[in-house]
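Asks: Sharing a structure with you now.
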Amino acid sequence: MTLYALTGAVEQGFVYGIMVLGVYLTFRVLDFPDLTVDGSLPLGAAISAVVISSGHSPWLACVLAAGAGFLAGMVTGILNTKLKILHLLASILTMIALYSINIRIMGRPNTSLLGQQTVVDQFAGLSGLAPSLAAPLLFGIMGCIAVLVLFWFLRTELGMAVLATGDNPRMITAQGVNTHNVIIFGVGLSNAMVACSGALVAQSQGAADVNMGVGTIVAGLASVIIGETVFGDRSVGRALFAALLGSVLYRVAIALALSMDLGIFSVTPSDLKLITALLVVLALTAPRIKKRLLFKRGHA
Amino acid sequence: MIRARHVTKFFNRGEVNEVLALREVSLTVNEGDFITVIGSNGAGKSTFLNALAGVFPIEEGSISVADQDVTTWPEHRRAAFLGRVFQDPLLGTCPHATIEQNLALASRRGKRRGLKRGVRKADRALFREKLSMLGLGLEDRLTDATGLLSGGQRQAMTMLMATLVRPKVLLLDEHTAALDPKTAVQIMQLTDELVRSERLTTLMVTHNMAQAIEYGNRLVMFHQGRVILDVSGEEKAGLGIQDLLERFHELGGDGCVSDRALLG
């Protein structure tokens, strides 16, 4: 793998890392498997592309994207809590609806950002670094800020209520918390992060495409699990950093796989979804298989 | 403190397996009452407690707490008035949160939760002091995950959490039934101490007749969704298990008192 490919993978890892933090918030903290992200990532990208190409600041684009993502997440939360639709199905419904909405926002299925000022250009101009170095650095900083903000939030009164809602909803209801509102807010916050990540992905790749969100949830889960396995999840702070770094490891692993060349067989980008799915299955079942092996050995 | 009027509750209303769980139950709980609630399985005692807590809406009747009509209030809103401890010792605490975080969650019951720090320095001192009253050594383990504790330790914590913000009424739903006998006695002693020292108005559902007789100033017996016995004061104090069984049969009980109720 070339150095260029490596910095590219690290950049992607940090950009998508903000999405992974959102997935961590729903999947691990709220215990709410949320597939909305497959729609809210391109939602953020679409809004970012439209805002930037109409001549506004790329930073404003990120903020607006996050706001729209929050609304999308709220819709899923409301479908689940108020209308009693199963969480998975509720999130799939929002995801499907977002497909149409994203095309409406852009007016077409994709929008190019070539030649437009992105956050990377502005940061490179400000720091004087080459764009290939400025991008991973900027996104790394933003990823770390996202981790710190989320860490701070989860230690506030409200954040602790979010944690408790995922951990023991009956207990926290008896302590006077409206779990419906917490779920609506939590899924909203998660999708705000995912959409913000989408806005940055579009700026990093130079285009927004309505299909760019396919498989976001799987990549997010894979990153969360890789992070937990490699860096551990003893405390909330550690688990958050593990999720961000898990995203980087995931993207580097994919870059490595793509650079592999086994004679006639070589991995193509279209194989990535299969590899990711296998990776997630492996990561999800590994702890159980390990336990079983240890159990057998203990009784042999 | 609590006024329940003609509370009626059906489960699966309009279906073949419809159950009339509460039939026009009326009960007034006075301030300072420590009421033990007994009855056989399916008598409606836990259903009544859950109806008070707002776990489900009732079909008919009204419920007021501290002179506020709460009949239409959702569970989380009524929590401002009520401290609750469940039968399952795992239900009262968050396993992944630390001991101090659990207590902090309970210390904001009925208050707005904002972006202030969840666990503050002043809290910790208070939590240490309260935990040391349990005599379980938990005051030195504030940052341990609550999931590491035993069922009895978690139930003791839940008792503390239910009373951390003074509740208008404390609702105990067979809170010692799932514990081993020794731990059950300890939790019951802790309950009695807390209720007496804080003068808490309390409703305690129990399966255990001896417990129902020993504790509290008033005893209420449920049968088939109705209150069939309500004794207090001197009369309650003079009550024995044999009397209680006789009264139960007299008042239409069909003899299905389980061994558990007698021996438990």
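Asks: In what order do A:L200, A:L282, B:L239 fall by count of nearby beta-carbon atoms within 10 Å, going from fewest to most? Let's see the in-between values first.
Replies: Values: A:L200 32, A:L282 12, B:L239 17.
Least crowded to most crowded, the residues run A:L282, B:L239, A:L200.
Asks: Please identify every one of the trypsin sites (Lys or Arg not before Pro) in the stretch B:92-182 that sits in a loop by DSSP and has no more than 15 other beta carbons within 10 Å of its own beta carbon. Don't jump to the answer; show the numbers that get you there.
Replies: On the way: sites: B:R108, B:R109, B:K111, B:R112, B:R113, B:K116, B:R117, B:R120, B:K121, B:R124, B:R128, B:K130, B:R141, B:R154, B:K168, B:K182; in loops: B:R108, B:R109, B:K111, B:R112, B:R113, B:K116, B:R120, B:R141, B:K168.
Taking the stretch B:92-182 and a limit of 15 other Cβ atoms within 10 Å, the loop trypsin sites (Lys or Arg not before Pro) found are B:K111, B:R112, B:K116, B:R120.
Asks: Using helices alone, what [θ] at 222 nm do you get for chain A, with -39,500 (n - 2.57) per DSSP H run of 4 or more residues, divided over all residues and rounded to the nearest 500? Walk me through the numbers on the way to the answer.
Replies: Details: 12 runs with 228 residues, N = 300.
That comes out to -26000 deg cm²/dmol.
Asks: Follow-up. Across the residues of B:89-96, average count of Cβ atoms on other protein chains within 10 Å? Could the numbers behind the result be given before it?
Replies: On the way: counts 0, 2, 4, 5, 4, 11, 3, 8.
Going residue by residue through B:89-96 and averaging, the value is 5.
Asks: Once the principal axes of the Cα atoms of the protein assembly as shown are found, what is the range along each, listed largest first in whole angstroms?
Replies: So the extents along the principal axes, rounded to whole Å, are 90, 56, 49.
Asks: For the stretch B:1-110, place one equal point scatterer on every Cα, skip the solvent, and apply the Debye formula. What is log10 of I(q)/I(0) at q = 0.13, 0.22, 0.24 Å⁻¹?
Replies: Taking Cα atoms of the stretch B:1-110 as identical point scatterers yields -0.58, -1.29, -1.41.
Asks: Take every DSSP beta bridge with both residues inside the protein assembly as shown and express the antiparallel ones as a percent of the total, to the nearest 5.
Replies: Details: 27 of 43 bridges.
Of those bridges, close to 65 percent are antiparallel.
Asks: Considering every residue in A:154-162, what mean count of other chain Cβ atoms within 10 Å of its Cβ is obtained?
Replies: 6
Asks: Now for a different question. Stokes-Einstein diffusion coefficient for the stretch A:3-267 at 25 °C in a medium of 0.890 mPa s, Rh from the Kirkwood formula over Cα pairs: what value in µm²/s? Intermediate values should be presented prior to the final figure.
Replies: On the way: Rh = 18.5 Å.
Reported coefficient: 133 µm²/s.
Asks: Over all residues in A:163-170, what is the mean tally of Cβ atoms on other chains that come within 10 Å of each residue's Cβ?
Replies: The per-residue average across the peptide is 6.
Asks: Taking the Cβ of each residue in A:I275, A:I172 as the centre, tally the other Cβ atoms inside 10 Å and list the residues starting with the fewest.
Replies: Details: A:I275 15, A:I172 27.
In increasing order of surrounding Cβ atoms, one gets A:I275, A:I172.
Asks: Any idea how far the Cα center of the stretch B:116-165 sits from the one of the stretch A:232-258, in Å?
Replies: Cα centroid of the stretch B:116-165 versus Cα centroid of the stretch A:232-258: 34 Å apart.
Asks: Between their Cα atoms, which of A:K273/A:K296; B:K45/B:K168; B:K130/B:K168; B:K45/B:K236; A:K82/B:K168; B:K111/B:K168 are more than 24 Å away from each other?
Replies: On the way: A:K273/A:K296 34 Å; B:K45/B:K168 20 Å; B:K130/B:K168 19 Å; B:K45/B:K236 19 Å; A:K82/B:K168 30 Å; B:K111/B:K168 15 Å.
The pairs that break the limit, which is 24 Å between Cα atoms, are A:K273/A:K296; A:K82/B:K168.
Asks: Can you give the convex hull volume of the alpha carbon atoms of chain B per residue, in Å³? Show your work: numbers first, answer last.
Replies: Working: hull volume 36.9 nm³, N = 264.
Considering the Cα atoms of chain B, their hull volume per residue is 140 Å³.
Asks: Sticking with the crude label model, points 7 Å out along Cα→Cβ, report the distance from B:E31 to A:N211 in nm, one decimal please.
Replies: 7.1 nm
Where a number appears in this text, it was derived from the coordinates with a stated rule and is not lab data. If you're wondering where the values come from, they're calculated on a predicted model, not measured in any experiment. In this analysis, Cβ positions are derived from the backbone assuming ideal geometry, glycine residues included, and neighbour counts consider all displayed protein chains.
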